[in-house]
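Nothing in this text is a laboratory measurement; each read-out follows from the coordinates by a stated rule. As the structure is a prediction and not an experimental result, all values here were calculated from the model. Glycine gets a Cβ as well: all are built from the backbone with ideal geometry, and neighbour counts include every protein chain shown.
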Amino acid sequence: DSGVTQTPKHLITATGQRVTLRCSPRSGDLSVYWYQQSLDQGLQFLIQYYNGEERAKGNILERFSAQQFPDLHSELNLSSLELGDSALYFCASSTDSLNTEAFFGQGTRLTVV
Amino acid sequence: GQQVMQIPQYQHVQEGEDFTTYCNSSTTLSNIQWYKQRPGGHPVFLIQLVKSGEVKKQKRLTFQFGEAKKNSSLHITATQTTDVGTYFCAERLYNFNKFYFGSGTKLNVKP
């Protein structure tokens, strides 16, 4: 158990809909990262938050947004969903110095039908 | 976009054979980390390399960081079926906060 909790584990929704994925980082970790992993693909960096503030953006679509709350949990909002958004979405947390490892949650598998 | 290239994309080996995956970056890295993702699982941290020319070993796994801090490798000696999975390198860049993963090398080990 990495200590990072993601909910829900699975999500099936229709095209055009909006969903929210939730992540609770490890206790004490201030930094949260979101990644998208399509079937048998690599990990695409989406966005990073540190202590409530956006710190870095990767290949995140405008239809997607995220935030980190004062209790440090984070949410990834995906709207106007398309079939191609079907993927595994991972959240990771770290203490956020350069020299620390990232701990990944189990992921949320999103299926858009 | 992502700076680090990882090769090969796939590797099929017979149990007992060696395996190596390589990561190459166009920029100097502050450090490089390696992760393993088992089929159906999530990435799990293996190791971090920070110093130029650094070599670290974990049992049958040997990790190297290039002298120029632009490339790294992971070598597995005498693979076992438990080594099956996808191995990712991950880079953090100086003065950036982005945390990019390489494309991964998927290792299959035949018993």
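A few remarks follow.
- Residue among A:Leu11, A:Leu46 that alone is within 13 Å of chain B (Cβ to nearest Cβ) and not hydroxyl-bearing (Ser, Thr, Tyr): A:Leu46
- Failed item, numbered, when A:Leu30 is tested on (1) exposed (fewer than 14 other Cβ atoms within 10 Å of the Cβ); (2) over 13 Å from the mean Cα position of the chain (by Cα): (1)
- For region B:10-27, taking the residues that are surrounded by 13 or more Cβ atoms within 10 Å (Cβ to Cβ) and within 14 Å of chain A (Cβ to nearest Cβ), the one that is farthest from B:Thr77 (Cα to Cα) is identified as B:Cys23.
- B:Glu54 passes every criterion in (1) without any contact (Cβ under 8 Å) to a residue 40 or more places away in the chain; (2) within 12 Å of chain A (Cβ to nearest Cβ); (3) surrounded by 15 or more Cβ atoms within 10 Å (Cβ to Cβ); (4) of a type in the set (D, E, K, R) apart from (2).
- Here B:Tyr87, B:Tyr35 are screened, and the one residue that is on the phi < 0 side of the Ramachandran plot and within 10 Å of chain A (Cβ to nearest Cβ) is B:Tyr35.
- Qualifying residue in region A:73-95 (condition: touching a residue at least 40 places away in the same chain (Cβ under 8 Å), in a loop (DSSP other than H, G, I, E, B) and within 13 Å of another protein chain (Cβ to nearest Cβ)): yes
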